[in-house]
Every structure is written in C-alpha cells, then in structure tokens.
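The numbers here are math on the coordinates, done by the rules we state, and not lab data. The model shown is predicted, which means the values in this text are computed figures rather than measured ones. Note that we place each Cβ from the backbone using ideal geometry, even for glycine, and neighbour counts take in every protein chain shown.
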Amino acid sequence: MAGRHVPMTIDAARGFIRRQFATTVGSESIEAAAGLGRVVAGDLRANADLPRFNASAMDGYAVRTADLDGANLKILRVVGRSLAGHPAQMELGEGEAMRVLTGAVLPTGADRVLKQEDCVESNGWIAPSLPLSGRPHVRMKAEDVARGAVVIADGTRLGARHLALLGSLGIDLIRVHRPLRVALFSTGDEVSPGPVLGEGLIGDANRPMLWALLREFGCVVSDGGIIPDDQEQLTGILLAAAQDNDLMITTGGMSVGDEDHLTSVIRRRGFLEFWRLNVRPGKPVGFGDIDDCPVLGLPGNPIAAMVMFLMLGLPLIAQLSGERADYPKFLKLPMATALDKNAGWWEAIPARLCAGPGGNTCVEAVEKRGSAMLSSLVAADGFIILPEGTGPVTAGDEVDFLFLTGS
C-alpha cells in the first residue's frame, strides 16, 4: 500500500491497523489504587467470594422461614443482634428472631430477613405482618462473585467501576501494561505557540485537544511543540522522538502543498502505509513509520484532526497498549431532522443530542460544519457517522453516533 495516492476507504485503513499491530509495551506491577486508565496484563481472578458471607440486605429481623407458616404465624422472640462488622456469635433456634442491620452477617439457622416495617416489636418479641413478602432479603455468599472467577479480563482498561471491585476484593497489587509513550507535534509556520500576535498566524488548537484525549486513554504524552515548515528540521525532530516513544502523532503537513513535508520524511526514513482517505473531513491523513516507530499524521483542521484521531488513533493506541477493545464505539440513534449527504464518501458531521417525538433521544447536526470551525465542536456532543454508499437521510432514520470521547 506504500505511496498510494488514490484515496482509500476508512474501513480499509482501520483494517490495516487491526491486522498489522499487536501489543508493543511490557508490563509491571502497581498498586491497584493507582490503576485508573491502565490496561490489565493477564486475567484478574477473585481472591475471595463476594459477598464473603450470607448477609442481610435490609434493616430488620433474621428469621427461619419454617417459623412463618401462613395461618399459623406466631410471634418470635428476639434473642440478639447482628450488626455490620459485629456478627452474632449464636445460632438461631426455633421460634427465634434476631435484629439485623443491612450488611450484617446472617446468623446461622436463619434463611430470610423480615423488613423492620413489616414487623411489630414489643418487649423483646416481634409479630410479623401479613402478607409476607416473597423476597428473602438476603445476599447469599458468592452470589455476586465466586472465588477464583475471572473478574477483570486481560486487556481491560481500568475505570472507576473496576477499582471498586478490586477494593471490595481487597486486591492490593495488579499487573498492568506499561503506559504507551506518545510524542505529539503540531506543524506549520502559521501555528502560534501562544497568543496570536502576528498577521496570518493561528492559535494551536490541535495539541491541547489531542493531549487531553491521549491522557484520557492512559498515554504518557511528550509534547514536542510546533515544528516549522522545514524538511530537515522536521526530519531531525521526528528521528529523535522515534527513539524514545512508542507512537508519534502529528497534525498538519499531510496535504499536497509546497510546505507539506511529512509524507516525504516518512518515505525517506520508513514506510508510508496509507495516505489520503475517502472521507470528509480528514482526507489528508496518513500513517507509516519512522525508524520503526509508528507515526500517525492527522489533518491540520481541528475537526478533521479530532475525527481521524477517534477513528484511527484510538484503535491504534488500543492495539499498541494491549487493550482488547474495539474503538471507536458507536451508538445507534434516530435523526431528528433530514440531512443531505453525497453517497460517494464517508462523512462525519458534528451533532448534538436532542429530544425527539415522545421524548426519545435523537441527534441533529449543528448549524456550522466547516472542518476548521471550533464553535461547531464546542456545540456538539459527537459526530453523526455516514458511511460510503449512504445518501441523504430523513428524520427518523437511524444513524451511527460517535461521542467526542470515542467511547
């Protein structure tokens, strides 16, 4: 595929990434509490049952079902208490009940809990009210997780919910993949590193946007700044970054202008796997390697850079960092209004969520749609994705919706 100038499909580009790349980073042991955003290396198994014991799910009274025989229902003597963290040290006998609070160990002999509002207590006795609830209000040992079961699969990127499970199991150390090291650059003489001072200069929107997205996915980002339109300087900077990073991401310099040098640099020091896609926005995107370090060249226009990062960058990062996930993740939603579309290309359109007929969630395109219009990105919740072959869509048609986070 080297040197292709005929735009290829985005599905073909994504397929190349899936086929050609595997995990490139090693693993290390870390404290589980520091695992947010890290990718698990190897299945994590439960070291205990959850719950660890039969527990009360309500505040009330632990009883024996055998003592609650319909018409012959009798009052029960309260013989003690079992509190969370302070289990009772006695067995429940016939005709007995025990005061229990939510989360407390269910005393031996008991098999259900009566809610306190379903009982009348007086002088150490309770009288259950009728009719009895069909639910036993007991959390049975191991009903959530059984000891030895895989609770977090290999290749999972850890989120808050995973840390909650690890904390409940009391797992202190976990094995995770090393964070992916990514060098991030903007290119172009027109890009200003700070306040836009001179005529013809523009502020750097892409680096802070991509830096934030990369950090969200657990990457260690090396900010390479802005590289001017000088081929030799560009070559030197990228060659140096290739030695210390697992991936390089650039924005700008991937078109066919006189000062667009990135494709030439990649061809001189590596291999240009694909360049230019049949997409809108984001056609001038390319991928290759420099001294065996993968380099993703994104368009200079911010919306195009965002779209191509979500569509190509996230799958690549997942592959390299050992994450077993299919990015980006789409949601099927109906259109709120009609939308024109040329069937000849793949298109991503900034869009926001809205309430449709009956209050169901729909999507609608934002008013401004230019690939350099950051106001449309701020107004959007994500992108409507319309594949090649899709023509105009009408209100009510289901479309793929991609959130700005890609997941």
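Per-residue Karplus couplings for the stretch 341-353, computed as 6.51 cos²θ - 1.76 cosθ + 1.60 with θ equal to phi - 60°, are listed in order as 7, 7, 6, x, 9, 7, 9, 10, 10, x, 8, 10, 6 Hz, Gly and Pro entered as x.
For the chain, the calculated P(r) over all alpha carbon pairs, in 10 Å bins from 0 to the bin holding the longest distance, is 4, 18, 20, 17, 13, 10, 9, 5, 2, 0 percent.
Close amide-amide hydrogen proximity is noted between Ala97 and Arg77, Val78, Val79, each under 5 Å apart and 5 or more residues distant or on a separate chain (H modeled in the peptide plane; Pro and chain starts excluded).
Charge dipole (Cα centre; +1 on Lys/Arg Cβ, -1 on Asp/Glu Cβ; no other charges) of the stretch 307-407 amounts to roughly 180 debye.
Taking a straight line from the alpha carbon of Lys341, these aspartates and glutamates sit under 17 Å away, with near neighbours fewer than eight places off in the same chain left out: Glu364, Glu367, Glu388, Asp397, Glu398, Asp400. Lysines near Lys141 by alpha-carbon distance under 25 Å, same-chain residues fewer than 8 away left out - which ones? Straight-line reach from Lys141, under 25 Å: Lys115. Computed from the Cβ-Cβ distance with R0 of 22 Å, the FRET efficiency linking Ala34 to Trp211 stands at 0.55. At 4 °C and 1.567 mPa s, grab the translational diffusion coefficient of the stretch 55-139 from Stokes-Einstein with a Kirkwood Rh over Cα pairs, rounded to a whole number in µm² per second. Estimated via Stokes-Einstein, D reaches 105 µm²/s.
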